[in-house]
Amino acid sequence: QVQLVESGGGLVQAGGSLRLSCAGSGLTFSSYAMGWFRQVPGKEREFVAAVSRSGSDTYYVDSVKGRFTVSRNNAKNTVYLQMNSLKPEDTAVYYCAADLSIRVVTYSGGCAYWGQGTQVTVSS
């Protein structure tokens, strides 16, 4: 049974930082591209960032470039999202996801596995 469990969300003031973690189990973690998505109630889920299986390639939505950094530690079966210079518009539920294809993660969001999400709230 595949599980992706996010942690690290919370309440932070604008300009602050948070680091999200997503621990995977039940899958060969290093075989999967990993992504982070976010969703605000009433809006569609949005791609935020992705990292290739080896961690050598990363991808970001324009709105977070230069502020967020995605990384992974395959030895720990964990992917991270370091979020700096947070803005109120970053407020959302953040989900991690896994798929064998980096194209699926970055272009369609139709990933094979999803976590349960963690709330990030940025106050102004």
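The values are calculated or read from the model by the stated rules, or taken from the named source; none is laboratory data. Keep in mind the model is a prediction, meaning the values are calculated, not measured. Using ideal geometry, Cβ is built from the backbone for each residue, glycine included, and neighbour counts are taken over all protein chains shown. Just so you know, the surface numbers come from the protein's heavy atoms only, side chains and all, with ligands and any DNA or RNA stripped out. Shrake-Rupley method; radii C 1.70, N 1.55, O 1.52, S 1.80 Å.
Under unit Cβ charges (Lys, Arg +1; Asp, Glu -1), what dipole magnitude, rounded to 20 debye, does the chain have relative to its Cα centre?
I would put it at about 180 debye.
To the nearest 10 square angstrom, what accessible area does Ser21 show with a 1.4 Å probe?
20 Å²
Considering Cα pairs under 8 angstrom that are at least six residues apart, work out the relative contact order of the chain and quote it in whole percent.
Relative contact order here is 35 percent.
Set Lys and Arg Cβ to +1 and Asp and Glu Cβ to -1, take the dipole of the chain about its Cα centre, and tell me which of Val12, Ser25, Ser108 lies farthest positive.
Ser25
Quick one: pull the percent of accessible area on the chain belonging to carbon and sulfur, 1.4 Å probe, ligands and nucleic acids left out.
The nonpolar share, carbon plus sulfur, comes to 46 percent.
Using a 1.4 Å probe, how large is the accessible area of Asp62, given in Å² and rounded to the nearest 10?
Spelled out: Asp62, probe radius 1.4 Å, area about 120 Å².
For the chain, just the Cα atoms, rotate onto the principal axes and tell me the three extents in Å, largest first.
Per principal axis, max minus min of the Cα coordinates gives 40, 27, 26 Å.
Accessible area per residue of region 4-116 at 1.4 Å probe, in Å²?
49 Å²
Near Lys43, which lysines are there with a Cα under 25 Å away, not counting those fewer than 8 places off in the same chain?
Partners within reach: Lys65, Lys87.
Using a simple charge model, +1 on the beta-carbon of Lys and Arg, -1 on the beta-carbon of Asp and Glu, nothing else, what dipole does region 55-118 show about its Cα centre, in debye to the nearest 20?
160 debye
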